[in-house]
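What follows draws every value from the coordinates through simple rules; no lab data is involved. Not measured: the values here are computed from a predicted model. Cβ placement follows ideal geometry from the backbone for every residue including glycine, while neighbour counts extend to all protein chains displayed.
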Amino acid sequence: MKIFRITLSKWVQKLVASGYPGRWNSKGVFMIYSSGSRALASLENLVHRSGEGLNNTFSTIVMEIPNDLEIEQIEMKNLPNDWFEYENYTVCQKIGDNWIENGKSCILRVPSAIIKMEFNYLINPNHKDFNKIKILNIEKFEFDPRLKS
């Protein structure tokens, strides 16, 4: 399965996690965020950057998850109705932090807060199977100028 990560071009040479807090991780918990499509990866960047910094140089990392690699899943039916609201980040962070801590799988599929029927894929860079995820390609990415205003 292919997954996609759009990031600043200076970070594309290898898959790294910053440890900055996000929807699915607390500060100091390292995970790599990726998406099931380039379009979703673009939207995730757009909403998290709030239009700022979109003039920077970006690239898309195209990755391959081997078919035999286990992917755990978080289903929306197991989340609170308002899980996607900013005020509920801690609910999702606890789920992601627990997933990293238990170390059962290298990949966690989670629903997108932007498009509820699409998915993001979280990667545990400290998992024993992390090296099985391959970078297939690095592509230049530019945000449409209409999105930058």
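In terms of surrounding Cβ atoms within a 10 Å radius of their Cβ, 109, 49 rank from fewest to most as 49, 109.
Note on the chain: GNM, Cα springs under 10 Å; of 16, 47, 110, the largest mean-square fluctuation is that of 47.
On a 21 Å Cα-Cα criterion, which of the cross-link pairs 14/94; 10/104; 27/94; 10/94 come out too long?
In this structure, 14/94; 10/104; 10/94 exceed 21 Å between Cα atoms.
Where in region 106-149 does the label zone of residue 57 land, with the point 7 angstrom along Cα→C-beta and an amide N cut-off under 14 Å? Residues 139-142 fall inside that zone.
Quick check on region 1-83: take the gyration tensor over C-alpha atoms, sort the square-rooted eigenvalues as a ≥ b ≥ c, and tell me if it's rounded (a/c under 1.5), prolate or oblate.
oblate
DSSP beta bridges confined to region 2-148 are antiparallel in about 90 percent of cases. Other residues lying with their Cβ under 15 Å from the Cβ of residue 124 contribute a combined charge of 0, Lys and Arg counting +1, Asp and Glu -1.
Test of understanding: extend the Cα→C-beta vector of residue 2 to 7 Å, then name every residue of region 61-85 with backbone N under 19 Å from that spot. Flagged as within label range: 61-69. When you filter the GluC sites (Glu not before Pro) in region 50-125 for DSSP loop state and at most 15 other Cβ atoms inside 10 Å of their Cβ, you are left with 52, 70, 75, 85, 118. Set against the labelled values (i) 10, 30, 24, 15, 10, 7, 3, 1, 0; (ii) 11, 42, 37, 10, 0; (iii) 12, 44, 34, 10, 0, P(r) over Cα pairs in 10 Å bins from 0, in percent computed from this structure falls on (ii). Taking 0.36 nm per residue of sequence separation and removing the Cα-Cα distance, the residue 101/residue 85 pair yields an extension gain of 3.3 nm.
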